[in-house]
Amino acid sequence: MQWLRYGYRIRRSNKLDRSREQKLRSQHPAILLGFREAILSWNSRRRVKTREETMDEGVVVGAPMGHEAMCSNGGAVDEPRRPPTSRAGKGAAGGELMDVEAYAALYTGRTKVARLLFIAERCGNEAMQLEALRMAHDEIKKAEDSHLHREVTAKIGGRLGPRYALDQSWADTVDRRADVRKEKLENELNGYKTNLIKESIRMGYNDLADFFYDHGQLGDALKNYVRTRDYCTTSKHLIHMCLSVILVSIELGQFMHVSNYASKAEQTPEQLDLVTHSKLRCAAGLAYLETKKYKLAARKFLETGPELGNNYTDMIAPQDVAIYGGLCALASFDRTELKNKVIDNINFRNFLELVPEVRELINDFYASRYASCLEYLEKLKPNLLLDIHLHDHVETLYTEIRHKAIIQYTHPFISVDLHMMAGAFKTNVAGLEKELKALITDNQIQLQARIDSHNKILYARHADQRNATFQRALQTGVEFERDVRAVLVRANLIKQESILKAAKKP
Amino acid sequence: MESVEAVVAHIQALSGSHEEVADLHSLLKQSEGALRSRAARLGPFLHQLDPSAHTLGYLFLLEAYSSRPISRELDEKILPFIVGFINSCSAEQIRLAPEKFISVCKSLKDQVMQLQVPIRGITPLRTAIRKLQTSSEQLTTLHSDYLLLCLLAKFYKAGLSILDDDIFEVDQPRDHFLYCYYGGMINIGLKRFRKALGCLHNVVTAPMDALIVIAVEAYKKYILVSLILNGQVPPFPKYTSSTAQRNLKRHTQPYIDLADCYATGTFSELEACIQTNLEKFQSDSNVGLVKQVLSSLYKCNIQRLTQTYLTLSLQDIANASQLKTPNDAEMHVLQMIQDAEISASINQKDGMVSFHEDPEQYKICGMIEPIDSLIQRLMELSKKLSSLDEQISCDLAHLTRIGKERPRLD
């Protein structure tokens, strides 16, 4: 058992007592935080890094505001956080409202309209609502969907003036045009079917499906896209079909289809070009997100290459990839994975550039600056609640992240003063105590600790393996004895009963 | 038809060796009818026979004598006969006619119950059981009667000596139910809840073709005792008969509601639930147990607190387990410390309770004893189990059944 004792000694020597830490903290902040880094990373078996090193890796040349902004954010300041570049930053800080126009500029196609409508529905602000509806209306007028037009004008309800009222004539023209086109397409398709040329049948179905999609009949669109499957000859066709199906399924909310077709497309024997690859990964990640498999979703988003660029704006913007990937990773990865896959990930860094808050928040979490990390999260929250895919997962992800932060905070210490911890997590001692109690009693979360309610200290508790083994062994023995006795009695009973039955028979 | 005198003469003559006793036995069986018809007059003849030497004959006569409907003044007379007989009879001769012996003892039990002095029947019955049993692991019909008398006399400790024997052989499956049920009740009376749970568990999981009322009653008590002990009711194990699984829950609905209320953990809800079902509990005479369930709710809550906290103020304990004042909390904690259910210390100056880890370190020599004896017992049990397994595999009925099924599998 030598190694056991040795390991025990090592662990003991790595623990810091809180009072000692306070003394050291006043003298050598950098050393101490480096120490804490060392302890946290010892368990991940990596070499010790100092705080400055980890900071440098997170900061990239393109956004020099990182370091200063972090320092200035030490207090409770909520200045607007617009990056110096002219790229539209998604989500402003603090009390400022989201810039609807900038947000909508990130997307094209039907998803733009859908997102604007969602924002209009969910936000509480009248001005923002009208803005969103106005933009949605403009967008719809460019397209050919008369149902959506009716819907939006009903929602506007005349508040924006006569230009945004129901344009019946336009709607009628569109409908008539649609009918004509539909007939034409169907006739063409029938013609192709009689000719039995695979390629033209496929094109015919495709055109029909595109038509349905433009007019908002998503169910029919999906059906027709799926029908083209039988006529796909090259893998290029297959990929095109998969991508179209994915697009329609996402809008319909059928995420099973999305993951099926994404994996189908990835399995084609031909080498995919990088853009398609990224698109498929995004789609798969989105499907996992919606089915609450956050770890897998995070992995998929992190694998998305920067080639995605603006190629997939009819479904997802690169800012979204950063946000979804970052949050899911924070909520579900452990420290090693977080370091390897997120912080050290060069590809993903490009995405994180677009949303500097998420980058800062991940770095803060890794460097144990929980107060500022949680502050960033709170700032992002109102905008995330308006996101069409993320809104119902925001609460879960946030609670997960908070729990992970608490566990990580207490991990290196034998004892933690609850007042300091409450300060770090921006809550009061009573609330913190309740949270800790819930975490300890919940067996899923491995917080092995006990609370000293009198002195308000949290003590780590490490299970004594030897005692536990004895207890378990004795318990098993007793249970075995009881069960075997019962078995013997029951066997006897059954035997007697069968003898009786046999005796009764003549 | 022989006259009684002739029978008596035979008895006296033929009670020597084994073969003679066997002859006597067949003779007696033939003259049973005669004896019964003259039952009333058998009293004086009993004096002529010596119970220890002429046990078999005495037994037949006694059985005939006591089997007729008895009036009160005659009870008094018969009782000492029976008691004297039981005390001095010889065990091998009894085993030749066990049913007769059992019926004699049953009539003893009826008489003491009628006379409302169950305590008089306890010692004789215990001797009777010991004499009737071929081994201490055998269950006889008398066991349940004996336990019933102990219960009625509230003389629980007497039942303990019989209960502590492990039973492995059962002659009549019917006896088993009553025995386990009464055993459970005696253990509850002695507050040995773990053993009680074991007994009641046996009743509930015994093989049953048709639903037995005893099992229903036993299940009700089982729910209550498992709530007191563990705070939850375990689900039916796999080997419970399907009849039991389907029907027991239907007949015990108020208790299941009680268990659900208990799981939520609030005191007021539990009280309300008990109030609504009070008449049903009273009709089943389970009110005492139900009250114990109520008080055990506090214990459950406090024990959960020991897992989370190192020290906790009495006020917080009172809040967390819905007690009214910190003084109540202190009383409960004190009680639990005394009962060794938790290990803690109360600091009255600050009003704080510190919970300690389980002090058992398993390091002292005293630990070796229990572990060793447990291992020995388990080894014996395993041997028994494997021998039982061998027996069943070689059993004719079993083999024919397997043989029949095999062509179907092929």
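Data for the structure
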| read-out | value |
| --- | --- |
| Residues of the stretch A:456-495 classified as at pLDDT 85 or above and hydroxyl-bearing (Ser, Thr, Tyr), total | 2 |
| Residue in the stretch A:161-169 that is at pLDDT 80 or above, out of contact with any Lys or Arg (no Cβ under 7 Å at 6 or more places or on another chain) and not charged (D, E, K, R) present | yes |
| Options B:33, B:43, B:57; residue that is over 18 Å from residue B:93 (Cα atoms) and modelled with pLDDT of 70 or more | B:33 |
| Residue B:94 more than 18 Å from the chain's Cα centre (by Cα), at pLDDT below 75 and assigned to a loop (DSSP other than H, G, I, E, B) | no |
| Tally of residues being more than 11 Å from the chain's Cα centre (by Cα) and more than 10 Å from chain A (Cβ to nearest Cβ) across the stretch B:175-203 | 5 |
| The stretch A:465-501, residues that are of a type in the set (A, V, I, L, M) and over 30 Å from residue B:361 (Cα atoms) | A:486, A:487, A:488, A:489, A:491, A:493, A:494, A:499, A:500 |
| Test: residue in the stretch A:374-395 that is polar (S, T, N, Q) and either in the same structural domain as residue A:132 (by the TED database) or modelled with pLDDT of 85 or more (or both) | no |
| Test result for residue A:128, modelled with pLDDT of 80 or more and surrounded by fewer than 19 Cβ atoms within 10 Å (Cβ to Cβ) | yes |
| Wholly within the stretch B:207-269, helices (runs of 4 or more DSSP H) carrying at least 3 residues that are hydrophobic (A, V, I, L, M, F, W, C) and surrounded by 13 or more Cβ atoms within 10 Å (Cβ to Cβ) | B:213-230, B:253-264 |
| Residues being within 11 Å of chain A (Cβ to nearest Cβ) and part of a helix (DSSP H, G or I) - total across the stretch B:387-397 | 7 |
| Residue match in the stretch B:294-310 (condition: surrounded by fewer than 16 Cβ atoms within 10 Å (Cβ to Cβ) and in contact with a helix residue (DSSP H, G or I) (Cβ under 6 Å, 6 or more places away or on another chain)) | no |
| Residue list for the stretch A:451-486, restricted to those being more than 7 Å from every other protein chain (Cβ to nearest Cβ) and assigned to a loop (DSSP other than H, G, I, E, B) | A:455, A:456, A:461, A:462, A:463, A:464 |
| Close pairs from the stretch A:171-184: first touching a residue at least 60 places away in the same chain (Cβ under 8 Å), partner buried (at least 16 other Cβ atoms within 10 Å of the Cβ) and hydroxyl-bearing (Ser, Thr, Tyr), Cβ under 8 Å, at least 6 apart | none |
| The stretch A:493-506, subset at the interface with chain B (Cβ under 7 Å from one of its Cβ atoms) and touching a Pro at 6+ places or on another chain (Cβ under 9 Å), residue farthest from residue B:397 (Cα to Cα) | A:493 |
| Some residue of the stretch A:409-428 being among the small types (Gly, Ala, Ser) and facing another protein chain (nearest Cβ under 9 Å) | no |
| Pair list, Cβ under 6 Å, 6 or more apart: the stretch B:228-248 residue away from chain A (no Cβ under 14 Å), other residue surrounded by 17 or more Cβ atoms within 10 Å (Cβ to Cβ) and of a type in the set (A, V, I, L, M) | B:228/B:293; B:233/B:223; B:233/B:259 |
| Residue within the stretch B:131-144 that is within 14 Å of chain A (Cβ to nearest Cβ), surrounded by fewer than 19 Cβ atoms within 10 Å (Cβ to Cβ) and of a type in the set (D, E, K, R) present | yes |
| Filter result for the condition that a residue is within 9 Å of another protein chain (Cβ to nearest Cβ) and either under 32 Å from the mean Cα position of the chain (by Cα) or surrounded by 12 or more Cβ atoms within 10 Å (Cβ to Cβ) (or both), over B:337, B:317, B:375 | B:375 |
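Here's the yes/no breakdown for (1) loosely packed, with under 11 Cβ neighbours inside 10 Å; (2) over 29 Å from residue B:169 (Cα atoms):
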| site | (1), (2) |
| --- | --- |
| B:353 | no, yes |
| B:358 | no, yes |
| B:383 | yes, no |
| B:387 | yes, no |
| B:390 | yes, no |
| B:397 | no, no |
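The values are calculated or read from the model by the stated rules, or taken from the named source; none is laboratory data. Since this is a predicted model, take the numbers as computed values, not measurements. No Cβ is skipped: glycine too gets one built from the backbone with ideal geometry, and neighbour counts run over all protein chains shown.
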